[in-house]
Amino acid sequence: MLKLEHIKLPPGHRPEALRTEAARLLRIPPEDLLSLEILRRSVDAREGASLVYAAAVSVRDEAAVLRRSRRGVLPWEPPAPYRLPGPLPPPEIPPVVAGAGPAGLFAALTLAQAGQRPILLERGRPVEARKADVERFWSTGVLDLTSNVQFGEGGAGAFSDGKLNTGTKDPRHRFILECLTACGAPPDILIDAKPHVGTDYLHAVLQALRRQLMDLGTDIRFETRLTDLALQNGALAGITVEGPGGPAALPCRRLILCPGHSARDTFAMLHAKGVPMEAKPFAVGVRIEQRQADCDAAQYRQYAGHPGLPASTYKLSCHLPSGRGVFSFCVCPGGEVVAAASEAGRVVTNGMSEFARDRENINGALLVNVTPEDFGGSPLSGVAFQRRLEEAAYTLGGGGYRAPAQRVEDFLARRPSTGPGRVFPSYRPGVRWTNLWDCLPPFVAESLAEALPLLGRKLRGYDGPDAVLTAVESRSSSPVRILRDGACQSAVRGLYPCGEGAGYAGGILSAAADGIRCAEALLSRDSEGL
């Protein structure tokens, strides 16, 4: 077979146009194109807008086609499918996975398919109950500390845009995508250059994945929080959990720890137990909202609003003379800014989209990088820094988990906003119009103010006067790294720190891949009798 790249077509093209254009690029009659499989689809918005495909094709007389081909035609073989480790005898003491976010779910799936009958602990609730709890919080401002945007089945990613793109190549990624589609995710994620599932599909996928785990013998325990480790001679001997029936001790020799980036009580417990960990850089800032139609017009120009194009998105960054980096993160086209608090008296924002991405606004995090030099070098200093920001935002918002908000024009002028312009904030339970300079650290506010006009030159309208800034975005990544060796194991033998919360991933796909990686490492040691 051959791989044909750079097949460019206009939005809304007819299905047969892809075969016709492929044959033209290959310089063959259409009847000589025996088969075509789309490998990748992207949008090129540099000149108006077009759809760009890469495809695997089968042709008559492949050698002759290659001899006369132009650039973009290459020999191609389907990659070998990724295979999970083979089965092992189930251990007397089952392995435990703590946390049912992407890392924990795929770690548990890997162990379960190897016949290990793992125990999966999740401090929050199943996604059906969690969805109701989160909606209640957004409607009333009454926060459930057990079940919220951060805690519960699916982790923080269960209320997001469901992005599945990553900047790294890992053979596990295709396997994960195929697992998600088998559980009900849209099949487009297998070919889109920037795949996303959307919160609505994610919730259905999580329920299907749960059923699969249970069919494989996984013991899933919701509302069950890891509270302590029992250590003997530098190795894990057991754990204590707090569940519906109260505290309980469990024997445990192998624990894959997938805490999520907001499990601050877990970080404190691990630090007190002497588990090696360190503060790590992360980023803080605000969510910024513009009208989706304005973003589409800036990028797609004459094709804006075309039904054959997805809602436009962006990825922006700049490096300031101060040395600070300012960048967009977790952009949610056609989405909403959501209340993502997990602790009382602290305001946290995040972004979420459904698969259709059809709401009025686009929003994204606008973040400034921070390092231990900014907040102190002890392992939990970053947590304390985040909490101070979130408390300041809660106070400025006036309580009830309302968020402080400001128009960009007013932010740049350092004056309070009194109401919205053309862009209406989507955050619930609601916003208080104010001056964000009163809750952001000076270096963060100054960096945002310096960066906004620079980013506006890269994307017209990004820094428009009526764009809305909502504070505070503080949970972009974990503030700690739980140290592990090349075999994914802590200095505490039997403990496998894993995923985004442990400092080893950055998004749904990379976290899921790290969960598989840690499960592989555990199984490898068990197969060797270590």
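Output the peptides 92-105, 234-247, 159-172 sorted from most to least packed, where packing is the average of other Cβ atoms within 10 Å over each peptide's residues. Don't skip to the answer; put the middle values down first.
On the way: 92-105: 27.1, 234-247: 14.3, 159-172: 18.3.
Final packing ranking: 92-105, 159-172, 234-247.
Just to check, using Stokes-Einstein with a Kirkwood Rh over alpha carbon pairs, what's the diffusion coefficient of segment 398-471 at 37 °C and 0.692 mPa s in µm²/s? Could the numbers behind the result be given before it?
Numbers: Rh = 12.5 Å.
It diffuses with D of about 262 µm²/s by this estimate.
Run the numbers on segment 371-530 and let me know its relative contact order in percent, using alpha-carbon pairs under 8 Å that are six or more apart. Present the calculation step by step, with values, prior to reporting the outcome.
Details: 212 pairs, mean separation 31.1, N = 160.
Computed value for segment 371-530: 19 percent relative contact order.
Report the local net charge at GLY162: Lys and Arg +1, Asp and Glu -1, summed over other residues whose C-beta lies under 10 Å from its C-beta.
On the way: positive: LYS163; negative: ASP161, ASP200, GLU354.
Net of charged neighbours comes to -2.
Project the alpha carbons of the chain onto their principal axes and report the range along each, largest first, in whole Å.
71, 66, 42
ALA129 versus GLU31, label points 7 Å from Cα toward the beta carbon: distance in nm?
Distance between label points: 6.5 nm.
Determine, at each q value in 0.16, 0.25, 0.27 (inverse angstroms), the log₁₀ of I(q)/I(0) that the Debye formula gives when each Cα of segment 307-373 is one equal point scatterer.
The Cα Debye sum returns log10 ratios of -0.69, -1.06, -1.12.
Output needed: percent of Cα pairs per 10 Å distance bin for segment 95-149, bins running from 0 to the one holding the longest distance.
Binned Cα distances yield the sequence 25, 38, 25, 11, 1.
Measuring with a 1.4 Å probe in the full set of protein chains, what accessible area per residue, in whole Å², belongs to segment 31-131? Walk me through the numbers on the way to the answer.
Working: 4990 Å² over 101 residues.
On a per-residue basis, 49 Å².
With a cut-off of 8 Å between alpha carbons and a minimum separation of six or more residues, what is the relative contact order of segment 49-189 in percent? Display every interim value, and only then the final one.
Numbers: 125 pairs, mean separation 26.7, N = 141.
This gives 19 percent for segment 49-189.
Quick check: convex hull over the Cα atoms of segment 471-530, volume per residue in Å³, rounded to an integer? Kindly include the intermediate steps, with their values, before the conclusion.
Numbers: hull volume 3.9 nm³, N = 60.
Expressed per residue, the convex hull around the Cα atoms of segment 471-530 is 66 Å³.
Ratio of Rg to Rh for segment 343-443, alpha carbon only, Kirkwood?
0.99
Quick one: check the C-alpha center-to-center distance for segment 264-317 versus segment 15-88, whole angstrom.
After rounding, the separation between the Cα centres reads 32 Å.
Over its Cα atoms, what ratio of radius of gyration to 2.2 N^0.38 Å does segment 281-322 give? Mind showing how you got there, number by number?
Details: Rg = 14.3 Å, N = 42, 2.2 N^0.38 = 9.1 Å.
So the Cα radius of gyration is 1.57 times the expected 2.2 N^0.38 Å.
Using a 1.4 Å probe on the protein chains only, how many percent of the accessible area of the chain belongs to carbon and sulfur?
Numbers: 11180 of 21610 Å².
The C+S portion of the solvent-accessible surface of the chain is 52 percent.
Provide, as a two-decimal number, the C-alpha radius of gyration of segment 430-530 over 2.2 N^0.38 Å, N being how many residues it has. Walk me through the intermediate numbers first.
On the way: Rg = 21.0 Å, N = 101, 2.2 N^0.38 = 12.7 Å.
Dividing the Cα radius of gyration by 2.2 N^0.38 Å gives 1.65.
Projecting each Cα onto the charge dipole of segment 12-118 (Lys/Arg +1, Asp/Glu -1 at the beta carbon, about the Cα centre), which of ILE93, LEU25, SER35 comes out farthest on the positive side?
LEU25
What translational D, rounded to a whole number of µm²/s, comes out for segment 120-240 from Stokes-Einstein when the hydrodynamic radius is the Kirkwood one over Cα pairs, at 25 °C and 0.890 mPa s?
Details: Rh = 16.2 Å.
The calculation lands on 151 µm²/s.
For PHE424 and THR371 in the same chain, what is the full-extension length gain: residue separation times 0.36 nm, less their Cα-Cα distance, in nm? Before the final figure, lay out each step's value.
Numbers: separation 53, 0.36 × 53 = 19.08 nm, distance 3.32 nm.
Extra length from PHE424 to THR371 when fully extended: 15.8 nm.
Over the residues of segment 249-386, compute the C-alpha Rg and express it relative to 2.2 N^0.38 Å. Please report the intermediate quantities before stating the final value.
Details: Rg = 19.5 Å, N = 138, 2.2 N^0.38 = 14.3 Å.
Normalised Cα radius of gyration, segment 249-386: 1.36.
Got a sec? Charge dipole of the chain, +1 on Cβ for Lys and Arg, -1 for Asp and Glu; which of ALA356, LEU145, THR218 is way out at the positive end?
ALA356
Note down the relative contact order for segment 436-530 as a percent, whole number, built from C-alpha pairs under 8 angstrom at least six residues apart. Walk me through the numbers on the way to the answer.
Values: 72 pairs, mean separation 15.2, N = 95.
That works out to 16 percent.
Work out, step by step, the length gained on full extension between GLU77 and LYS458: first 0.36 nm times the residue separation, then minus their alpha carbon distance; give nm to one decimal.
Details: separation 381, 0.36 × 381 = 137.16 nm, distance 3.88 nm.
Using 0.36 nm per residue and subtracting the Cα-Cα distance, I get 133.3 nm.
Any idea what the dipole of the chain comes to, in debye rounded to 20, about its Cα centre with Lys/Arg Cβ at +1 and Asp/Glu Cβ at -1? Intermediate values should be presented prior to the final figure.
Values: 61 positive and 57 negative charges, 166 e Å.
About 800 debye.
Quick check: pseudo-label points 7 Å beyond the Cα along Cα→Cβ at ARG68 and ASP485, how many nm apart are they?
In this crude label model, ARG68 to ASP485 measures out at 6.1 nm.
Treating the beta-carbon of each Lys and Arg as +1 and of each Asp and Glu as -1, no other charges, what is the dipole magnitude of segment 148-207 about its Cα centre, to the nearest 20 debye? Could you put the intermediate results ahead of the total?
On the way: 5 positive and 7 negative charges, 46 e Å.
That gives segment 148-207 a dipole magnitude of about 220 debye.
For the pair ALA17 and SER378, how long in nm is the line joining their label points, each one 7 Å along Cα→Cβ?
Computed distance between label sites ALA17 and SER378 equals 6.2 nm.
Treating the beta-carbon of each Lys and Arg as +1 and of each Asp and Glu as -1, no other charges, what is the dipole magnitude of segment 287-364 about its Cα centre, to the nearest 20 debye?
Numbers: 8 positive and 8 negative charges, 59 e Å.
Roughly 280 debye, rounded to the nearest 20.
Accessible area per residue of segment 379-497 at 1.4 Å probe, in Å²?
Ligands and nucleic acids excluded, the result is 37 Å² per residue.
Going by average Cβ neighbours within 10 Å, how do the peptides 22-33, 264-275 rank, with the highest at the top?
So the order, starting with the most tightly packed, is 264-275, 22-33.
Starting from the Cα-Cα distance between ASP61 and ARG40, subtract it from 0.36 nm times their residue separation and give me the gain in nm to one decimal. Mind showing how you got there, number by number?
Values: separation 21, 0.36 × 21 = 7.56 nm, distance 2.45 nm.
That pair, ASP61 and ARG40, stretches by 5.1 nm at full extension.
Please state, as a whole number in µm²/s, the translational diffusion coefficient that the Stokes-Einstein equation yields for segment 1-151 at 20 °C and 1.002 mPa s, with Rh defined as the Kirkwood radius across alpha carbon pairs.
Numbers: Rh = 20.4 Å.
Taking Rh from Cα pairs, D becomes 105 µm²/s.
Which stretch or stretches of segment 358-382 have amide N atoms under 14 Å from the point lying 7 Å from ARG388's Cα along the Cα→Cβ direction?
Those under the cut-off are 370-378, 380-382.
The values are calculated or read from the model by the stated rules, or taken from the named source; none is laboratory data. Since the structure is predicted, the reported quantities are computational estimates derived from the model, not experimental observations. Methodologically, a virtual Cβ is constructed for each residue, glycine included, from the backbone with ideal geometry; neighbour enumeration extends over all protein chains shown. All accessible areas refer to the heavy atoms of the entire protein, side chains included, with ligands and DNA or RNA removed. Shrake-Rupley method; radii C 1.70, N 1.55, O 1.52, S 1.80 Å.
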